[in-house]
Amino acid sequence: MKRIAGIALVCAALAAPVPLFAQAIAPGEERELANFLKPEAGKRICYARVYTPEHLAKHPKQKVTEIGFRLAYYRFPPDEFHPQGQRNYYFALTAKRKGNSRLMTARGECGPDGTGIGCGVECDGGGVTVTRRPGDKILVSLGKGGWIRMTEGCDEEENAVNLEAGEDDREFLLSRLPDSACPPYGAW
């Protein structure tokens, strides 16, 4: 019976639309996150870049050919621990690499990190820092020696790859997409 209950708990965790072990961002503690995206339920913002053949020719060591970043604010229903509802910022980073048409994805949570935000994948899956730039742009950075674990989807760990910082794959300047091109959080 305990085994069945354990299996049910694992299945519920895998089916949950948001991580079960989320780190809440208390109201008023959003800091730089609020400058990216107001803390309002259902808010989201998306950025992307597809690198041109000319750009890639000038940066032959760059492996990333396409990259996207999504950020969403999610507010859980009130419970005994969070009477006003737990609040979280979730992200998705997508990328395509040279020689591979598969879209890889990393998902996790973001928190304020100095003048930017830090976004990480649970279970030591690495992460990125993101800073705002003029002209509705952001800079996504792996940092020197950084990395982030990416998969083809949930439950695809056997096909996971680490997107690692390289000479031409350390920082990515992305432009904001129109709201109509930014899917709701539940559709990621």
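Couple of notes before you dig in:
- Percent accessible area from carbon and sulfur atoms, region 59-150, protein chains only, probe 1.4 Å: 51 percent
- Fluctuation leader among Lys58, Lys98, Lys43 - the chain, Gaussian network, Cα springs under 10 angstrom: Lys58
- Mean projection area, nm², convex hull over Cα of region 57-188: 10.0 nm²
- The Cα-based radius of gyration of region 30-82, divided by its Kirkwood radius, gives an Rg/Rh of 1.25.
- Comparing Asn100, Asn162, Asn88 in a Gaussian network model of the chain (Cα springs below 10 Å), the most mobile by mean-square fluctuation is Asn100.
- Under a Gaussian network description of the chain, with springs only between Cα atoms under 10 Å, the residue in Asp124, Asp169, Asp113 that fluctuates furthest is Asp124.
- Segment Lys38-Arg133, extension gain: residue separation times 0.36 nm, minus the distance between their alpha carbons: 32.5 nm
- Over the chain, DSSP H runs of length four or greater, each weighted -39,500 (n - 2.57), average out per residue to a 222 nm ellipticity of -3500 deg cm²/dmol.
- Surface exposure of the chain, expressed per residue as accessible area with a 1.4 Å probe, stands at 58 Å².
The values are calculated or read from the model by the stated rules, or taken from the named source; none is laboratory data. As the structure is a computational prediction, the values presented were derived from the model and not from experiment. The accessibility values were calculated without ligands, DNA or RNA, using every heavy atom of the protein model including side chains. Shrake-Rupley method; radii C 1.70, N 1.55, O 1.52, S 1.80 Å.
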